[in-house]
Amino acid sequence: MPPVKWLMHWHPSPGATINSQILSEACGCAESLGGSKDGKWKTSIFFYRAMTRDGSGGPAGQQHPDLPRELLGVALHERPGLYFSIVRAQRLVLQADAAFPQVMEKLQSYRIRVALNFEGFQYQLGDFCLRIGKCVPNNSEALRGIMMEVEYYPLSSIEKSKAVMEDFFDIWQETIGKKSLPGQFIHVDSNFSDYGLSDQYSFQHTAVQYATCLQQLMAAVTVRA
């Protein structure tokens with residue numbers, strides 16, 4: 001059973017933009033807290049749109065019956081052999097084999113509209129693991145967001161770990177606040193119970209958190225635009 005994890009995204013101040021300096025400062029904060037760099041990580045998210053009867057993946061045309069209009073695919077860095085599909089409209093999270101995208105392509109029921117990579121460096125900090133990274137489109141370096149994972153190894157219970165995660169988050173906010181950057185990291189609670197997920201943390205919980213994080217990042221981009 002995987003340890004509890006929180007995902008947080010960078011929310012820029014009004015009128016501010018996201019840049020690589022913020023990412024560098026965040027990595028510097030991890031090291032200033034005593035974190036030791038421990039390699040790289042990468043998680044990918046794919047936004048699928050249901051194919052219409054004319055073969056397109058756009059809004060025009062008639063959609064195949066009984067298919068959700070949209071779904072998210074999540075390939076987690078810590079589980080390369082698995083693939084997670086999220087149907088947000090029906091609050092479903094499904095675990096499948098890593099070959100699932102190839103099956104989708106052959107069935108021609110969905111088309112990938114957007115592919116995003118979350119990638120960066122991993123830091124070991126006592127009982128915690130921090131992963132700080134950028135969100136960029138596939139085959140592009142255009143920065144779409146900055147996020148971080150905070151993992152607490154000793155516990156898998158979401159409720160029991162809440163206090164220690166909140167304490168760590170407070171320390172992190174105080175540390176990065178000293179950099180006077182235009183914005184802050186935000187943790188948005190995911191409604192795990194809506195997806196039928198229990199208090200015991202699982203990789204499905206992480207997939208749902210990435211879906212929530214993606215929504216927040218896209219909302220921030222819309223506001224800035």
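Express the C-alpha Rg of the stretch 150-225 as a ratio against the empirical globular expectation 2.2 N^0.38 Å, rounded to two decimals.
On the way: Rg = 14.4 Å, N = 76, 2.2 N^0.38 = 11.4 Å.
That works out to 1.27 for the stretch 150-225.
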Over the chain, with a Gaussian network built from C-alpha contacts below 10 Å, which listed residue (Pro12, Pro101, Pro80) shows the highest mean-square fluctuation?
Pro80
Relative to the compact-globule scaling 2.2 N^0.38 Å, provide the ratio for the alpha-carbon radius of gyration of the chain.
1.05
In degrees rounded to 10, the 0-90 angle between helix 203-224 Cα long axis and the longest Cα principal axis of the chain is 90
Partners for Lys5 among lysines (Cα-Cα distance below 20 Å; same-chain residues under 8 apart left out)
Lys37, Lys40, Lys42, Lys134, Lys160, Lys162
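Trypsin sites (Lys or Arg not before Pro), restricted to the stretch 4-53: which are DSSP loop and have at most 12 other Cβ atoms within 10 Å?
On the way: sites: Lys5, Lys37, Lys40, Lys42, Arg49, Arg53; in loops: Arg53.
Those satisfying the criteria are Arg53.
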Can you list which of the trypsin sites (Lys or Arg not before Pro) found in the stretch 109-209 are DSSP loop residues with at most 16 other C-beta atoms within 10 Å?
Lys178, Lys179
At 1.4 Å probe size, with the rest of the protein present, what percent of the exposed accessible area of the chain is carbon and sulfur atoms?
50
Ellipticity estimate at 222 nm from DSSP helix runs (n ≥ 4, -39,500 (n - 2.57)) divided over the chain, nearest 500
-9500 deg cm²/dmol
Inter-probe distance in nm under a simple model that places probes 7 Å from Cα toward Cβ, at Ser157 and Asp170
2.1
Running a GNM on the chain with Cα contacts under 10 Å, which residue among Ile45, Ile158, Ile86 ends up with the highest mean-square fluctuation?
Ile158
So what's the stretch 67-179 giving for Cα Rg divided by 2.2 N^0.38 Å, two decimals?
1.31
How far, in degrees from 0 to 90, does helix 158-177 lean away from the longest principal axis of the Cα atoms of the chain, to the nearest 10?
60
On a full-extension model of 0.36 nm per residue, what is the gain between Glu119 and Glu105, subtracting their alpha-carbon distance, rounded to one decimal in nm?
2.6 nm
C-alpha long axis of helix 20-32 to longest principal axis of the chain, angle in °:
50
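The values are calculated or read from the model by the stated rules, or taken from the named source; none is laboratory data. No experiment lies behind these values; they were computed from the predicted model shown. Using ideal geometry, Cβ is built from the backbone for each residue, glycine included, and neighbour counts are taken over all protein chains shown. Heads up: the accessible areas ignore ligands, DNA and RNA and are worked out on the full protein's heavy atoms, side chains in. Shrake-Rupley method; radii C 1.70, N 1.55, O 1.52, S 1.80 Å.
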